[in-house]
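**Q** I have a structure here, written as structure tokens, and I will follow up with some questions on it.
Bear in mind these aren't lab numbers, they're just calculated from the coordinates by the rules spelled out. Not measured: the values here are computed from a predicted model. No Cβ is skipped: glycine too gets one built from the backbone with ideal geometry, and neighbour counts run over all protein chains shown.
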Amino acid sequence: MPPNASVTASSAAQPAWFSASYSLRAHNTFGFDVRARLACHVASETDLLAALRDPRAAGQRLLVLGGGSNVVLTRDFDGLVLLVGLRGRRVIREDAAAWYVEAAAGENWHEFVAWTLDERMPGLENLALIPGTVGAAPVQNIGAYGLEMAARCASVRAIELASGDVVEFDAAACGFGYRDSFFKREGRERFVITSVTFRLPKQWTPQAGYADLARALEARGRAAAPDARDVFDAVVAVRRAKLPDPAELGNAGSFFKNPVIDASQFATLQAREPGIVSYPQEDGRVKLAAGWLIDRCGWKGRALGGAAVHERQALVLVNRGGATGADILALAQAIRDDVRARFCVELEQEPISL
Ligand SMILES: Cc1cc2nc3c(=O)[nH]c(=O)nc-3n(C[C@H](O)[C@H](O)[C@H](O)COP(=O)(O)OP(=O)(O)OC[C@H]3O[C@@H](n4cnc5c(N)ncnc54)[C@H](O)[C@@H]3O)c2cc1C
């Protein structure tokens, strides 16, 4: 049985307020220096409720930010930014089949995944090294290397901004989809997620079907019977080799979702583009690799001003320095237009832009 090792932090202190014109540069991974009228760092649910009741919050538009790794901030934010800093993680129960682990919204995602493995509770290793916080993970149902967080989510606890009510969502109520959830659609700007409970099954089998991952395990001589730590290490190695580190080159990861099209459209496309990268879906439709489409349009490595398409990964748009959120959106629009013209496929933006 894993030790119930950790503490749920709670703060008796008041939330920390930052006055007018607070720079969000350190709070978004593109590194855009936009400003918020007001910002408030909340370290507990009590802080959050106090902030929402504070006269300074009255009438303000609210923006919730975790690590800022899935947003494009295009202009100053005329409202109150809630900086989610709730910490704590613990095993809340276990049964014969699974461990139930609760993590507060402000926990760093990757550190949380590493901790579950340290505590010998596998199940999240495919999602290693995704930037950001635990609280944002359900918002777009983060996914990588064949696993989505929805597969491990037991429930989400949130506070409704308008009423201050605590609401518990079971996994079904979260409305998870591909890079999507209730919190990214109808629930957007209505709830602050304060913690997430994960169900980590005790019957563990590795998910190492993705070609890059399989190759990395092979290279380590661990392809035959990898354990969760092997998968974690391989995921970290593959991601480090493929993706730019936002600390060195501003970006928000994949800028577009992989489009899903129907089988007849795919047949027409494949006849014209035999090398097209595709993944058949259970419902008969076909998922295309957006990065491949962008690459074929000649965008990999190209720039519009300081906004550029990454040289190794066409799905990632980067701030080479001096770009604004508007520059990134202009580049994204040019890419979308070219992909539509060449493939008759619509690319949908993954990060939220404001
Ligand atoms: C290099 C890189 C690689 C990435 N790789 C992946 C990947 O493999 N798979 C993947 O799915 N994503 C990936 N991403 C995207 C991103 O890391 C995830 O979406 C992550 O979950 C965002 O977390 P965050 O704390 O930074 O969220 P933020 O960017 O701060 O917020 C994102 C959205 O969630 C909302 N939000 C944040 N916290 C809360 C909360 N507590 N309650 C309610 N709403 C909230 C915000 O208002 C905003 O709308 C990558 C990003 C980068 C930079």
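**Q** Which of Asp233, Asp33, Asp212 has the fewest other C-beta atoms within 10 Å, and how do the rest follow up to the most? Could you put the intermediate results ahead of the total?
**A** Working: Asp233 19, Asp33 12, Asp212 15.
Listing Asp233, Asp33, Asp212 from fewest to most nearby Cβ atoms yields Asp33, Asp212, Asp233.
**Q** Once label points are set 7 Å from the Cα along Cα→Cβ at both Arg53 and Arg285, what is their separation, rounded to one decimal in nm?
**A** Distance between the two pseudo-spin positions: 4.5 nm.
**Q** Here's another thing I want to ask about it. Which three numbers, in whole Å and largest first, are the semi-axes of the equivalent ellipsoid of region 152-294 derived from its Cα gyration tensor as √(5λ)?
**A** Square roots of five times the eigenvalues give 31, 25, 17 Å.
**Q** Right, another one. Net charge near Asp245, counting Lys/Arg +1 and Asp/Glu -1 over other residues with Cβ under 15 Å of its Cβ?
**A** Values: positive: Arg239, Arg240, Lys242, Arg312, Arg320; negative: Glu248, Glu311.
So the surrounding residues net to +3.
**Q** I would also like to ask the following. Apply the a/c threshold of 1.5 to the C-alpha gyration tensor of region 1-145 and tell me whether it is rounded, prolate or oblate. The partial results should precede the final answer.
**A** On the way: a/c = 2.92, a/b = 1.64, b/c = 1.78.
Judged from the Cα gyration tensor, region 1-145 comes out oblate (a/c at least 1.5, b/c at or above a/b).
**Q** Continuing with the same structure: Around Ser69, with a cut-off of 12 angstrom between Cβ atoms, what is the net charge of the other residues, counting Lys and Arg +1 and Asp and Glu -1?
**A** -2
**Q** Helix-only mean residue ellipticity at 222 nm, the chain, DSSP H runs n ≥ 4 weighted -39,500 (n - 2.57), per residue, nearest 500. What is it? Working shown, then result.
**A** Values: 7 runs with 79 residues, N = 354.
Counting only the DSSP helices, I get -7000 deg cm²/dmol.
**Q** Considering all projection directions equally, how large on average is the shadow of the alpha-carbon convex hull of region 113-200, in square nanometres? Intermediate results must be reported in sequence, preceding the final value.
**A** Details: hull surface 22.0 nm².
Orientation-averaged projected area of the Cα hull: 5.5 nm².
**Q** If you don't mind, another one. When the convex hull of the Cα atoms of region 301-350 is projected onto a plane and the area is averaged over all directions, what value comes out in nm²?
**A** Numbers: hull surface 13.6 nm².
It is 3.4 nm².
**Q** What is the local net charge at Val166, summed over the other residues whose Cβ is closer than 15 Å to its Cβ (Lys, Arg +1; Asp, Glu -1)? Intermediate results must be reported in sequence, preceding the final value.
**A** Values: positive: Arg53, Arg157, Arg190; negative: Glu45, Asp47, Glu102, Glu160, Asp165, Glu168, Asp170.
Local net charge: -4.
**Q** Still on this structure: Suppose every K and R has +1 on its Cβ and every D and E has -1 on its Cβ; what is the size of the dipole of region 222-317 about the Cα centre, in Debye to the nearest 20? Can you show the working numbers first?
**A** Numbers: 13 positive and 11 negative charges, 44 e Å.
For region 222-317, the charge dipole is close to 220 debye.
**Q** For the chain, what is the charge dipole size about the Cα centre, in debye to the nearest 20, if Lys and Arg each add +1 at the Cβ and Asp and Glu each add -1 at the Cβ?
**A** Numbers: 40 positive and 41 negative charges, 116 e Å.
That gives a dipole near 560 debye.
**Q** With a 10 Å radius around each residue's Cβ, average the other Cβ atoms per peptide and rank 34-43, 253-262, highest first. Working shown, then result.
**A** Working: 34-43: 21.3, 253-262: 19.4.
Ranking the peptides 34-43, 253-262 by packing returns 34-43, 253-262.
**Q** For a footprinting-style exposure proxy, rank Arg56, Arg222 by other Cβ within 10 Å, fewest first.
**A** With the sparsest Cβ surroundings first, the list reads Arg56, Arg222.
**Q** A follow-up question, please. Quick check on region 260-321: take the gyration tensor over C-alpha atoms, sort the square-rooted eigenvalues as a ≥ b ≥ c, and tell me if it's rounded (a/c under 1.5), prolate or oblate. Can you show the working numbers first?
**A** Values: a/c = 3.65, a/b = 2.39, b/c = 1.53.
Note, shape of region 260-321 comes out prolate.
**Q** Kirkwood-based Rg over Rh for the chain (C-alpha set), two decimals? Mind dumping the intermediate values first?
**A** Values: Rg = 20.8 Å, Rh = 21.5 Å.
Here Rg/Rh amounts to 0.97.
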